[in-house]
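K.L.:
Please find one structure pasted underneath; my questions will follow.
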Amino acid sequence: MMKSKKGQTVAGLQGIIWTLVIIGILLVIGLTVLDKLKDTTTDGSVAESAANDTINAIADIPDWLPVIVVVVIAAVILGLVYFFRRAGGGM
């Protein structure tokens, strides 16, 4: 029983890591495409304004990724501590 729960924790961690990597890649691709789109539009046009607004909105997301990683790691550590305390007969 101990192995299966530990394996579930590690497998869950791998899924979270892959999710964060995919989010990072998608953000880079999205920001690159929007930047190229902004460069090809006419100055002062609605399309340029929309591209700028979208870039500004998306640009804040990468700032939160380190916080999300720290929270996920803390949750995994707390889960492991709780699991080992219960498995060891502790409170």
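The values are calculated or read from the model by the stated rules, or taken from the named source; none is laboratory data. All values derive from a computational prediction rather than experimental measurement. Because the Cβ atoms are built from the backbone with ideal geometry, glycine has one as well, and the counts that use them run over all protein chains shown.
K.L.:
Based on this model, can you work out whether Ile55 counts as in contact with a helix residue (DSSP H, G or I) (Cβ under 7 Å, 6 or more places away or on another chain) and either exposed (fewer than 10 other Cβ atoms within 10 Å of the Cβ) or modelled with pLDDT under 85 (or both)? Spell out how you get there, then give the answer.
P.N.:
Values: in contact with a helix residue (DSSP H, G or I) (Cβ under 7 Å, 6 or more places away or on another chain): yes; either exposed (fewer than 10 other Cβ atoms within 10 Å of the Cβ) or modelled with pLDDT under 85 (or both): no.
Answer is no for this residue.
K.L.:
Out of Val28, Val33, Val46, I need the residue that is at pLDDT 90 or above and loosely packed, with under 10 Cβ neighbours inside 10 Å. Which one? Before the answer, list the steps.
P.N.:
Numbers: Val28 fails: loosely packed, with under 10 Cβ neighbours inside 10 Å; Val33 fails: loosely packed, with under 10 Cβ neighbours inside 10 Å.
Selected residue: Val46, the only one of Val28, Val33, Val46 that is at pLDDT 90 or above and loosely packed, with under 10 Cβ neighbours inside 10 Å.
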